[in-house]
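What follows is a single structure, written as structure tokens, with notes after it.
FYI, it's all coordinate maths here, none of it is from the lab. Quick caveat, the model's predicted, so the values are computed rather than measured. Counting neighbours? That spans all protein chains shown, and the Cβs are built from the backbone with ideal geometry, glycine included.
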Amino acid sequence: MAANPSFDVVSKVDRQEVDNALNQAEKELTTRFDFRGTGAQISWAGEEAVTLQAETEDRVRAALEVFKEKLVKRHISLKALDASDPRPSGKAYKIEVKIIQGIDSDKARAIGKKIRDEGPKGVQAQIQGDQLRVSGKKKDDLQDVIALLKNSDFGIALQFTNYR
């Protein structure tokens with residue numbers, strides 16, 4: 001007899017898609033009329049962060065909006081971003097944007113509690129590192145859990161993988 005059906009709840013962002021969005025935003029910042037002469041730039045700052053920079057606070061905020069627009073077009077949830085407030089840095093203003101990967105333990109516990117409290121009977125959730133494994137006896141119950149989690153807001157982008 002096969003094991004119980006299960007799926008994983010993860011919060012991952014495709015770095016290649018973020019890179020594509022960053023390149024598109026960079027191209028738009030160099031070609032758009034309202035960004036000419038403002039020193040607007042966007043670039044990677046390490047593996048999981050992006051830096052935006054411009055001469056005025058308004059322009060750096062507008063550059064962030066352009067980047068967010070490009071991410072949405074590439075189907076990346078804005079919940080995966082953690083943008084700081086604009087801060088002066090020399091003659092320019094900078095915004096640091098962190099890309100959130102994985103589910104931290106507090107959020108994982110909150111998701112597990114939600115499944116226990118409101119989900120169908122016989123469904124278990126186990127925390128495995130930065131993801132959750134949800135298993136149950138019936139596939140229909142697991143689909144109910146997916147619907148429950150999609151309708152809930154935990155402040156992070158959730159994906160459902162390895163559905164077996």
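Sequentially through region 122-135, phi angles give Karplus couplings (6.51, -1.76, 1.60; θ = phi - 60°) of x, 9, 10, 10, 10, 7, 10, x, 9, 9, 10, 9, 10, 9 Hz, Gly and Pro residues having no value and appearing as x.
Charging the Cβ of each Asp and Glu at -1 and of each Lys and Arg at +1, and nothing else, the dipole of the chain about its Cα centre rounds to 440 debye. Within straight-line reach of Lys150, meaning a Cα separation under 17 Å, sit the following lysines at least 8 residues removed in sequence or on another chain: Lys12, Lys79, Lys107, Lys113, Lys114, Lys139. If you wrap the tightest convex hull around every Cα atom of region 15-99 and split its volume per residue, you get 77 Å³. Hey, if you drop one equal point scatterer on each alpha-carbon of the chain and run the Debye formula without solvent, what base-10 log of I(q)/I(0) do you get at q = 0.10, 0.15, 0.16, 0.18 Å⁻¹? Debye output, listed in q order: -0.48, -0.81, -0.87, -1.00.
Among residues other than Tyr163 with Cβ under 12 Å from its Cβ, the summed charge is +2 (Lys and Arg +1, Asp and Glu -1).
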